[in-house]
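**Q** The following block contains the structure, expressed as structure tokens.
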Amino acid sequence: SVGSACDDTCTCPAMSTAGAVVGFIDMDCFYVAVERRRDPRLIGLPCAVVQYNSRQRGGAPDLPPEANRWVRGGSGGIIAVSYEARHRGVTRQMSAFEARKHCPDIVLVQVPTAFGKADLRIYKEAGDSVTSLLARRVTACEKRSVDEVAVDVTAEADQLLREHDWSTDILPAAHRASHLADSDRSRTAASFSRDQTRKGHAGQQDGDAHRDTGGVNNGGWELASCWGATERRLVAGAAVVADLRSAIFTELGFSCSGGIAESKLLSKLGCGLHKPNQQTIVLPNAVASLLCDLPLDRLPGLGGDLGAQVKEVLHVQTASELARLPLQQVEAAFPRQASYLLELAGGRYFDPVQDRELCKSLSNGKTFFGSNSLRSTINCKRWLTELAGELHQRYTADVARHQRAPTRISVNVGSGNAMGQVPGNATSASRQQPISLGSTGTVANISDAACACFQRWMATSGQVDGALSVTSLGLSLSGMRPVETKAAITRFFRASTTTATETAADTTHAYSESLQAKGAITRFFPSTTASAAEALPESLHSDPKSDEASEITGVGNTEVCTIDTDSDQDVNLCHKQNSGFVHDKSRPTTGSSSRDNLHSEGMFGIDLAVLAELPPAIQDEVRADLQQQQQRQQQQQQHARNAVVHCALEAEQSTAKRPRTVGLASFFNSSAAGA
């Protein structure tokens, strides 16, 4: 049985001390999943997403996402394959013609196209929605790619261990949802090559029938009662990750696989063992067995040229073989990468999860195969302008959503015998320079800077205009910095037509919802969440005649009145800096100059950090207007306070009458529940 008690003769291995808990989320057949959500007719059918005909001269004609993109023929390569098609022999990088040989009834969906190339925005936006969902629920969320996210769930796992019983709640829930990396099935899955994993192998099965529930070796579940702090944390983290995966499916309609370990490296390796819609825990004592027969190309960063060089030069095929080599031998062949390679191979590379929901750069590119290689500067600049047009769309959307803009542009030029079609040696070089776009940059700004970088490449390339052999062009905007948008001043003010009672009611409703919706912890443990009245800032319960109670301002600005899962503070976080709900009592209130009276960041929804960057004349104009608003607001404060308390009490009474929804209850209460 799982976690049976040990006796005095127990010989279980010593357990490690508690460390981090890292989850890795990998979306299942993501491009196919996005297309299926857009067109449910594809659900259950063998299907694949194909590239456009990249050999077409002049680039691909525009094909928007909403167009009928099912194709019968076509020579585009396959970039994503459903599991139904994988089981019939279809793999990525096959041509559409080859795919139909293996699976005559396969449905092929071409990617949207714009600016003469693939338009991947629908997939990137879907990936952003996954990252955004996870970022609201975990301590740290790192976007790794369009379909991969690493999450730090250490705090959430600790909370789970504090609030729920290990033996009766957490352990059974994690066991039902997870594989262990040292089971027979996991070790078999780890031995498959990178190509076999991509094509789909026997270990990649859907459904709970393939969970580690029996057999000669189903991992170390029988040692659960001996597990120490690290092991228990990881198992609790598995319950958290299972709930996150369930939320992704429920809210967004995408299935995903997961891995749980002490590092991003190990959690990513664990994630790849069992797919789709499954997850794997890599306990410390399972690392050696996981890496024992793991092909070297399964390690992150070693699936390409570097991995091939390591295998050829050092005569190794698996991670464990590389890990056994002495440092001096590896340094002799790879002096700059030796330590990194050995840390990877030994599972000792620890890179903390970076709390980064947004990508660091915006980039695109175009490849020109064979006779389509670009020969003239005019053609190169024309394509740079096309790439600039697409990047400009994404840049303007990024400014609107995240108020940031790039400060650096880079152009990458590939030339030579790509695909064996163009004479000469294949090379790739990049040129970069600063760019100042702010919030109002144009396509011409990006295009002109890109062409300037290209001209610098031309000057040192040794090639002659008219006889170039450019086989690829890439464009990247990076160095993101905050910018102010045109709508900044309008954000300073609340709608003047909103009454105090309406504002208070909206505020209380939003605050009550935030307790349930913000952060994984409050979703996991609603039984520990304070009632609506208890959760209100204590200043709302103070004497109505007190000075502190009369400092309530900006009740209409509720954006920042939420539970912050990055903090150890309790639900009274409306007192934190930048609160738009209640004045921070810790701030000095003496000195009543006009500017001091407006010092609270929450006052009337003003962002004073932005206000301070405006010209002095505009600052004075805004402050004068705010002083008038402040006088009117003071007359409504008492009424607003009473309304907030009244609505909160009504919300509490209403909530008490409704049955509560427990995030992890589905795991704890149903022995038949799956991942």
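**Q** Name the single residue, out of those in region 75-94 being open to solvent by less than 60 Å² (accessible area, probe 1.4 Å) and over 25 Å from the mean Cα position of the chain (by Cα), that is modelled with the lowest pLDDT.
**A** GLY76
**Q** Just the residues that are of a type outside the set (Asp, Glu) and either open to solvent by 60 Å² or more (accessible area, probe 1.4 Å) or in contact (Cβ under 8 Å) with a residue 24 or more places away in the chain (or both), please, taken from region 95-107. I'd like the intermediate steps shown before the answer.
**A** The initial filter retains those residues of region 95-107 that are of a type outside the set (Asp, Glu), namely 95-97, 99-104, 106-107.
Answer for region 95-107, where residues must be of a type outside the set (Asp, Glu) and either open to solvent by 60 Å² or more (accessible area, probe 1.4 Å) or in contact (Cβ under 8 Å) with a residue 24 or more places away in the chain (or both): ALA96, PHE97, ALA99, ARG100, LYS101, HIS102, CYS103, PRO104, ILE106, VAL107.
**Q** Let me ask another. Kindly indicate which of VAL287, VAL282 is over 30 Å from THR250 (Cα atoms) and β-branched (Val, Ile, Thr). It would help to see each step written out before you state the result.
**A** Working: VAL282 fails: over 30 Å from THR250 (Cα atoms).
Checking each option against the conditions leaves just VAL287.
**Q** Return the only residue of LEU302, LEU290, LEU266 being more than 16 Å from TYR340 (Cα to Cα) and either surrounded by 20 or more Cβ atoms within 10 Å (Cβ to Cβ) or β-branched (Val, Ile, Thr) (or both).
**A** On the way: LEU302 fails: more than 16 Å from TYR340 (Cα to Cα); LEU266 fails: more than 16 Å from TYR340 (Cα to Cα).
Just a single option satisfies the conditions, and that option is LEU290.
**Q** Here are some residues: SER246, SER255, SER267, SER289. Which one is under 18 Å from the mean Cα position of the chain (by Cα), of a type in the set (Ser, Thr, Tyr) and more than 20 Å from GLN159 (Cβ to Cβ)?
**A** On the way: SER246 fails: more than 20 Å from GLN159 (Cβ to Cβ); SER267 fails: more than 20 Å from GLN159 (Cβ to Cβ); SER289 fails: under 18 Å from the mean Cα position of the chain (by Cα).
Just one listed residue meets the conditions, SER255.
**Q** For region 271-282, check the following and say yes or no: at least one residue is in a helix (DSSP H, G or I), at pLDDT 95 or above and open to solvent by 10 Å² or more (accessible area, probe 1.4 Å).
**A** No: region 271-282 contains no residue that is in a helix (DSSP H, G or I), at pLDDT 95 or above and open to solvent by 10 Å² or more (accessible area, probe 1.4 Å).
**Q** Right, next: With modelled with pLDDT of 90 or more, buried (at least 16 other Cβ atoms within 10 Å of the Cβ) and in contact with a Leu (Cβ under 7 Å, 6 or more places away or on another chain) as the only criterion, which of ALA177, ALA236, ALA224 stands out? Full working, then the answer.
**A** Numbers: ALA177 fails: in contact with a Leu (Cβ under 7 Å, 6 or more places away or on another chain); ALA224 fails: modelled with pLDDT of 90 or more.
None of the other options fit; the residue is ALA236.
**Q** Within the bounds of region 460-475, is there any residue that is in contact with a Gly (Cβ under 6 Å, 6 or more places away or on another chain) and over 30 Å from LEU358 (Cβ atoms)? Don't jump to the end; show me each part of the working.
**A** The first filter runs over region 460-475 and keeps only residues in contact with a Gly (Cβ under 6 Å, 6 or more places away or on another chain), leaving 469, 471-472, 474.
Okay, now just the ones that are also over 30 Å from LEU358 (Cβ atoms), so 469, 471.
Scanning region 460-475 turns up at least one residue that is in contact with a Gly (Cβ under 6 Å, 6 or more places away or on another chain) and over 30 Å from LEU358 (Cβ atoms).
**Q** Looking at (1) closer than 30 Å to THR154 by Cα; (2) touching a residue at least 12 places away in the same chain (Cβ under 8 Å); (3) open to solvent by 20 Å² or more (accessible area, probe 1.4 Å), can you tell me which one PHE369 breaks?
**A** Against the list (1) closer than 30 Å to THR154 by Cα; (2) touching a residue at least 12 places away in the same chain (Cβ under 8 Å); (3) open to solvent by 20 Å² or more (accessible area, probe 1.4 Å), PHE369 comes up short only on (1).
**Q** What number goes with the only condition from (1) of a type in the set (Lys, Arg); (2) more than 28 Å from the chain's Cα centre (by Cα); (3) open to solvent by less than 60 Å² (accessible area, probe 1.4 Å) that ARG72 does not pass?
**A** So the condition that ARG72 fails would be (3).
**Q** In a helix (DSSP H, G or I), among the hydroxyl-bearing types (Ser, Thr, Tyr) and free of Cβ contacts under 8 Å to residues at least 40 places away in the same chain - does that describe any residue in region 283-293? Spell out the reasoning first.
**A** Let us first name the residues in region 283-293 that are in a helix (DSSP H, G or I), namely 284-292.
Those left that are additionally among the hydroxyl-bearing types (Ser, Thr, Tyr): 289.
Narrowing the set further to residues that are free of Cβ contacts under 8 Å to residues at least 40 places away in the same chain leaves none.
Among the residues of region 283-293, not one is in a helix (DSSP H, G or I), among the hydroxyl-bearing types (Ser, Thr, Tyr) and free of Cβ contacts under 8 Å to residues at least 40 places away in the same chain, which makes the answer no.
**Q** Quick check: is even one residue across region 396-407 assigned to a loop (DSSP other than H, G, I, E, B), at pLDDT 90 or above and closer than 30 Å to ALA288 by Cα? Please lay out each step first, then the result.
**A** At the first step, the residues of region 396-407 found to be assigned to a loop (DSSP other than H, G, I, E, B) are 403, 406-407.
The next check asks that each one be at pLDDT 90 or above; those that pass are 403, 406-407.
Those left that are additionally closer than 30 Å to ALA288 by Cα: none.
Looking through region 396-407, none of the residues is assigned to a loop (DSSP other than H, G, I, E, B), at pLDDT 90 or above and closer than 30 Å to ALA288 by Cα.
**Q** Hey, ALA5 hits all of (1) open to solvent by 50 Å² or more (accessible area, probe 1.4 Å); (2) modelled with pLDDT under 95; (3) in contact with a strand residue (DSSP E or B) (Cβ under 8 Å, 6 or more places away or on another chain); (4) not charged (D, E, K, R) but one; which does it fall short on?
**A** For ALA5, the exception is condition (3).
**Q** Check whether at least one residue in region 139-151 is assigned to a helix (DSSP H, G or I) and touching a residue at least 12 places away in the same chain (Cβ under 8 Å), and report yes or no. Don't jump to the end; show me each part of the working.
**A** Taking region 139-151 as the starting set, the residues that turn out to be assigned to a helix (DSSP H, G or I) are none.
For region 139-151, residues assigned to a helix (DSSP H, G or I) and touching a residue at least 12 places away in the same chain (Cβ under 8 Å): absent.
**Q** What is the number of the single condition among (1) under 27 Å from the mean Cα position of the chain (by Cα); (2) open to solvent by less than 30 Å² (accessible area, probe 1.4 Å) that PRO64 does not meet?
**A** Condition (2) is where PRO64 drops out.
The values are calculated or read from the model by the stated rules, or taken from the named source; none is laboratory data. Everything quoted here is computed from the prediction, not taken from an experiment. Backbone-built Cβ (ideal geometry, glycine too); neighbour counts: all protein chains shown. In case anyone asks, the SASA skips ligands and DNA or RNA and just uses the protein heavy atoms, side chains included. Shrake-Rupley method; radii C 1.70, N 1.55, O 1.52, S 1.80 Å.
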